[in-house]
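Novice: Pasting a structure here, questions to come.
The values are calculated or read from the model by the stated rules, or taken from the named source; none is laboratory data. Nothing here was measured: the structure is a model prediction, and the numbers come from that model. Cβ coordinates were reconstructed from backbone atoms using ideal geometry, including for glycine residues, and neighbour counts include every protein chain displayed.
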Amino acid sequence: MKWWASLSLRGRLVLLGTSGLIVGLTIAGVAMATAMTYSFRGALDRAADSTVTEISSLLAEGSLPEPLPAPSNQIVQILDAKQRSVIAGDQGADLLVPLLRGDEVDRALRGERIEVPGDRALQPDTLRVTAHQVPDGRIILVGMPLGDYHRSLALLNNALWVTYPALVLVLVVIAWRVVGAALSPVDRLRSGAERITGAATDERLPVPPSSDEIQRLAITLNHMLDRLAVSRARQRTFIADAAHELRSPLASIRIQIEVAQKLGDWAAVSDDVIADLDRLTRLVDDLLLLARADASDPRRAALEPVELRTLLSSVAKRYDTVTVAPGEPLWTEGDPDALLRVVLNLVDNGVRHARTKVVVAAVPEGQSEVLLTVTDDGEGIPAPLRERVFDRFARLDDGRARDAGGSGLGLAIVRELVRRHGGTARLTDARPGVRAEIRLPRLPDSTM
C-alpha cells in the first residue's frame, strides 16, 4: 500500500469518495439495464398474450376469419392438434412452415418463451414465440420480432457507456474542488504553524469562520500555544530566579574565601562557608525535586496507604515547639516519602515563623477527604499575598519574607506534591498566625 501512503490527504479523500460513487453508479446502471431488459421483454410478452387471448376467443366462437387478425409487428399461426401443419395464419404468416418444430412446441406449451431464427417467417429479426393450446387441441403460435427490443437495449447500453465515464469525470472534478475547499483551512493552519517558531511570539493560528471540526482544532491548538507561552514564560522566570538564588550563596562563599585568603584565618569563615554550602545544597535539592515532579507521571508513582496521624507524630518528634492535636486515625493513598516532604516543609515553615508553638492536626472532611492543618502563631500573612507564597522563589514585603533558613521553594514543592496526590493546598488566617490547609483523598478505614 505504498501508493496509498504516497497520496495526499486530498487525493485519498477524493479517491475514497469517488470510489463509493463509482460503485453506486455501477450498481445503479446494472440495475437500470436489468430492469429495462425485463420491462422490454414483459411488454413483448404481454402483447403476445393479448393476441393469444383474442385468437382463442375467435376459436371458441367458431368464427375464425381468414387471414387471422394480428398487429403488423406480430406473426400468428394456428397448428392442428397433431402439431404438424399450419391450418391458419395472419396476412404475413407462412402457412407451410410452422414457427416451432419438434420439442420446441412442448417447451412453449409448458410456458417457456422460445426464440427462433426470423427466417422461419421470412423475417430479418429473431422471433420470440408464445404458444397456447385451446381445448380442441389446436395450438396458437404468436411470434414477436426482437429487432426493436435489441435496438433499444443497444441504445441503452451505448448511452450508459457514453454518459457513465463523463459523469464519473465530472464527479471527480467536483469532488477535487469541494475537498480542496474543505481542506483549505487546514493548509492555512499549516502555513500559520510554519510561521510560529520557538521564540517568544504572540502570533496564533488563523481560526476559520465555519463551525466545524477544523475550527475546533484551530481553537484547541491556539489554547495549546497559549499554555506553551505561559509555560515558557514560567520557565524563563524560574531559570532567572534560580540563577539569582544560586548566585547569592556562591558570591557569599567566594567573598568569605577571599577574605580568609587575605587574613589567613580559615577557622573564622569556615562555619559561614558551611552554612552557605548547606543553603546551596538545600536549594539544589529543591530544584531537582521540582524538576522531577514536573517531568514524572503521577499515574506511575508507587502509591500505598498512609496513616496521616502517625506521619504527623513522626515529624512533630523532631521539634520541641510542635504538638499534634488528638484525633482518630485517618488514611490516604500516596507516596509516603512525598507526603513526608509535604509535612516537613509545612512544619519547618511554621516553626521558623511561630512565636511560641505550632499545632498540626488531621481531621476528616466528609467521607471522601481528610484535612491536614499546620497552624503557627506568628505574624500572619495578608490575605492578598497568601496565594503568592506558593510561587517559586516568591518574596514578600512583610516580616514573613524569605529568611536565612529557607530556599523559597518549600511551599511551591508542597503545592506540587499535593496536586499530584489529587489534593489542594492553601493558607488561611489563624489569628494570630497562619494555618496551612491540605486536603487529600480519604481512604475508608474498612480498606485497611
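Novice: Only one of (1) surrounded by 12 or more Cβ atoms within 10 Å (Cβ to Cβ); (2) modelled with pLDDT of 75 or more; (3) charged (D, E, K, R) is not met by R234, so which one is it?
Specialist: (2)
Novice: Please state which one of V162, V179, V230, V273 is under 30 Å from I27 (Cβ atoms) and either free of Cβ contacts under 8 Å to residues at least 40 places away in the same chain or in contact with a Pro (Cβ under 6 Å, 6 or more places away or on another chain) (or both).
Specialist: V162
Novice: Is there a residue in segment 354-373 that is free of Cβ contacts under 8 Å to residues at least 40 places away in the same chain, under 50 Å from the mean Cα position of the chain (by Cα) and in a strand (DSSP E or B)?
Specialist: The answer is yes, given that some residue of segment 354-373 is free of Cβ contacts under 8 Å to residues at least 40 places away in the same chain, under 50 Å from the mean Cα position of the chain (by Cα) and in a strand (DSSP E or B).
Novice: Listed residues A33, A70; which is surrounded by 13 or more Cβ atoms within 10 Å (Cβ to Cβ) and not in a helix (DSSP H, G or I)?
Specialist: Answer to the check: A70.
Novice: Pull up segment 206-220, narrow it to residues that are buried (at least 17 other Cβ atoms within 10 Å of the Cβ) and in contact (Cβ under 8 Å) with a residue 24 or more places away in the chain, then point me to the one that is nearest to A181 (Cα to Cα).
Specialist: Restricting to residues being buried (at least 17 other Cβ atoms within 10 Å of the Cβ) and in contact (Cβ under 8 Å) with a residue 24 or more places away in the chain, the top hit is I214.
Novice: Restricting to segment 81-107, name every residue that is surrounded by fewer than 15 Cβ atoms within 10 Å (Cβ to Cβ) and either in a loop (DSSP other than H, G, I, E, B) or within 60 Å of the chain's Cα centre (by Cα) (or both).
Specialist: A81, K82, R84, S85, Q91, L95, L96, V97, R101, G102
Novice: Return the only residue of L189, L228, L205 being under 26 Å from the mean Cα position of the chain (by Cα), assigned to a loop (DSSP other than H, G, I, E, B) and outside the structural domain of S50 (by TED's automatic domain parsing). Walk me through how you get there before you give the answer.
Specialist: Working: L189 fails: assigned to a loop (DSSP other than H, G, I, E, B); L228 fails: assigned to a loop (DSSP other than H, G, I, E, B).
So the residue among L189, L228, L205 that is under 26 Å from the mean Cα position of the chain (by Cα), assigned to a loop (DSSP other than H, G, I, E, B) and outside the structural domain of S50 (by TED's automatic domain parsing) is L205.
One line per residue, one yes/no per condition, for (1) farther than 30 Å from D125 by Cα; (2) touching a Ser or Thr at 6+ places or on another chain (Cβ under 9 Å):
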{"residue": "G147", "(1), (2)": "no, yes"}
{"residue": "R177", "(1), (2)": "yes, no"}
{"residue": "G180", "(1), (2)": "yes, no"}
{"residue": "P206", "(1), (2)": "yes, yes"}
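Novice: Moving to a separate point now. For segment 178-205, how many residues meet the condition of being surrounded by fewer than 14 Cβ atoms within 10 Å (Cβ to Cβ), under 22 Å from L16 (Cβ atoms) and of a type in the set (G, A, S)?
Specialist: The total comes to 3.
Novice: So, in segment 108-140, of the ones that are surrounded by 15 or more Cβ atoms within 10 Å (Cβ to Cβ) and assigned to a helix (DSSP H, G or I), which residue ends up modelled with the highest pLDDT?
Specialist: Top of the filtered list is A108.
Novice: Evaluate the following for E333: is it among the charged types (D, E, K, R) and either assigned to a loop (DSSP other than H, G, I, E, B) or free of Cβ contacts under 8 Å to residues at least 24 places away in the same chain (or both)?
Specialist: No, not satisfied.
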